[in-house]
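Engineer: Please find one structure pasted underneath; my questions will follow.
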Amino acid sequence: MILVSRRYKFSASHRLQSFLFSEQENREVFGKCNNPFGHGHNYEIEVSVRGEIDPGSGRVVDLARLDNLVTSTIVERYDHRYLNEELPEFKTEIPTTENLGRQIEKRLAEAWPSSFPGARPALARIRIFETERNMIEVDH
Ligand code: NI
């Protein structure tokens, strides 16, 4: 089994604020990430696919097909958006990188069979690089 990974980029802004905390608790927990008007990130996501080498093409995954799927499902959904206000999933959930990772996993998994019918290649992992120092990883 081989793992193939491909990276994509989008930019979006967010504000970290918990519905369970008071204003003061939010400031204490999230610091400047709780500033009222939000701040932006240049997100980089890495989608990993697991499969066997196809004897015909010599490849594990059709990258053009993967690009179409990730671009239409994820990049076009989140690029240049204010996540808190424009995306229904973040009306009730804090748009942390962790929650964004779960949302991306869910959306890719739902759309996967229409691009890749059958068991392989399978969605394996999603990584999101939020800054040069932060990265989260969701194993599917
Ligand atoms: Ni942030």
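The values are calculated or read from the model by the stated rules, or taken from the named source; none is laboratory data. Bear in mind that the values here come from a model prediction, so they are computed numbers and not experimental data. So basically every Cβ, Gly included, is an ideal-geometry build from the backbone, and we count neighbours across all protein chains shown. Remember, those area values only see protein heavy atoms, side chains included, never the ligands or the DNA or RNA. Shrake-Rupley method; radii C 1.70, N 1.55, O 1.52, S 1.80 Å.
Engineer: With the structure loaded, tell me whether ARG81 is over 16 Å from ILE128 (Cα atoms), without any contact (Cβ under 8 Å) to a residue 12 or more places away in the chain and open to solvent by 60 Å² or more (accessible area, probe 1.4 Å) or whether it fails that test.
Structural biologist: No: the conditions fail for ARG81.
Engineer: Note down all Cβ pairs under 7 Å where the first residue falls in region 118-131 and is of a type in the set (Lys, Arg), the second is open to solvent by 40 Å² or more (accessible area, probe 1.4 Å), and they're at least six residues apart or on different chains.
Structural biologist: Filtered contacts from region 118-131: ARG120/GLU52; ARG125/GLU137; ARG125/ASP139; ARG125/HIS140; ARG127/MET135; ARG127/GLU137.
Engineer: Just to be sure I understand, how many residues within region 1-20 are within 16 Å of the ligand (Cβ to nearest atom) and part of a loop (DSSP other than H, G, I, E, B)?
Structural biologist: 4
Engineer: Going through region 1-56 one residue at a time, which ones are among the basic types (Lys, Arg) and loosely packed, with under 12 Cβ neighbours inside 10 Å?
Structural biologist: Matches in region 1-56: ARG7, LYS9, LYS32.
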